[in-house]
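Below: the structure, in structure tokens.
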Amino acid sequence: MPQAYIKGYLRHYRSEGDPRKPCVMLSNSLGTELSMWDAQAEALAQHFHVLRHDTRGHGGSASHAGTAPCTIAMLGQDALDLLDHLAIGKAHFCGLSMGGVTAQWLGVHAPHRLHKLVLANTAGRIGTAQGWLSRAHTVRTGGMAEIAAGAGARWFTPGFIAAQPAIVTAMLASLAAQDADGYAACCEALASADLRGDIGAISAPTLIIAGSQDSVTTLADARQMQQAIVHAEVATVAASHLSNIEAEPAFTRLLLAFLQA
């Protein structure tokens, strides 16, 4: 897979489809890698230039370096830097959970770089600062095992866990293998991220996708974003937090229909 040093640190990304077509950039959730988008990328690449990357500190992308804390603004700038590196002026942007917070930041601060936004299983404010800082401390002192052990119930419904154990096991193994410092840095970025008062400035056409059984970022969170963002629409799929995996066919249909409209 392509790698590049951009502003001094290693970035891991994948580019698929025809580069002459409009670009769709996909941004992963906390603790996952760009492979979480495999099904969507395959479908999108028939119609778009698909670009996905490992968020810093995840997969093959280097962790945050320096004394300043990692922030959502840094993750948003990372996305813009990769677009610049590949000479892509504008893109559709789809992010899930942490990736969805990054998408909101881009919608507020870089509207000139966007066509459409898709905010999946996310919120203007996810969790609490104390909760994220506690999780960052847990992984920095004890590694990823404890977080990985409890992630399945946060990410998927019991029915999906029972029906698709191989998928769930692979996702949890990937989480357990993530760099603890990189994961913790992104937890700290989420601890300081609160875009609820800013997202009213988003002007890009926006689709908000919620999981009907998502207890992390709820349908109520999706409705709050819809009320704040002009002309945003909400769609619901039968899934928990990683809805693009649990409800893959429905999620992919929604994504394609919105981006092609």
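The values are calculated or read from the model by the stated rules, or taken from the named source; none is laboratory data. Owing to the predicted nature of the structure, the values given are computational and were not obtained by experimental measurement. Counting neighbours? That spans all protein chains shown, and the Cβs are built from the backbone with ideal geometry, glycine included. Ligands, DNA and RNA are stripped out before the accessible areas are found, and what is left, the full protein with its side chains, is counted by its heavy atoms. Shrake-Rupley method; radii C 1.70, N 1.55, O 1.52, S 1.80 Å.
Values for this structure:
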item	result
Selection count, segment 212-238, where residues are under 16 Å from the mean Cα position of the chain (by Cα), among the hydrophobic types (A, V, I, L, M, F, W, C) and more than 18 Å from Leu117 (Cβ to Cβ)	1
Residue identified as farther than 27 Å from Thr252 by Cα and within 19 Å of the chain's Cα centre (by Cα) among Gly152, Gly143, Gly182	Gly182
Unique residue being in contact (Cβ under 8 Å) with a residue 60 or more places away in the chain, of a type in the set (S, T, N, Q) and within 26 Å of Arg56 (Cα to Cα) when the list is Thr157, Thr169, Thr138, Thr217	Thr217
Count - residues of segment 60-71 that are among the hydrophobic types (A, V, I, L, M, F, W, C) and buried (at least 21 other Cβ atoms within 10 Å of the Cβ)	1
In segment 1-20, the residues that are over 22 Å from Phe251 (Cα atoms), open to solvent by 50 Å² or more (accessible area, probe 1.4 Å) and either modelled with pLDDT of 95 or more or out of contact with any Lys or Arg (no Cβ under 8 Å at 6 or more places or on another chain) (or both)	Lys7, Gly8, Pro19, Arg20
The lone exception for Leu83 - which of (1) on the phi < 0 side of the Ramachandran plot; (2) open to solvent by 20 Å² or more (accessible area, probe 1.4 Å) it fails	(2)
Which numbered condition Phe48 fails, given (1) of a type in the set (Phe, Trp, Tyr); (2) modelled with pLDDT of 95 or more; (3) surrounded by fewer than 16 Cβ atoms within 10 Å (Cβ to Cβ)	(3)
Helices (runs of 4 or more DSSP H) wholly inside segment 90-198 that include at least 3 residues being surrounded by 19 or more Cβ atoms within 10 Å (Cβ to Cβ)	98-109, 129-142, 145-155, 165-176, 180-191
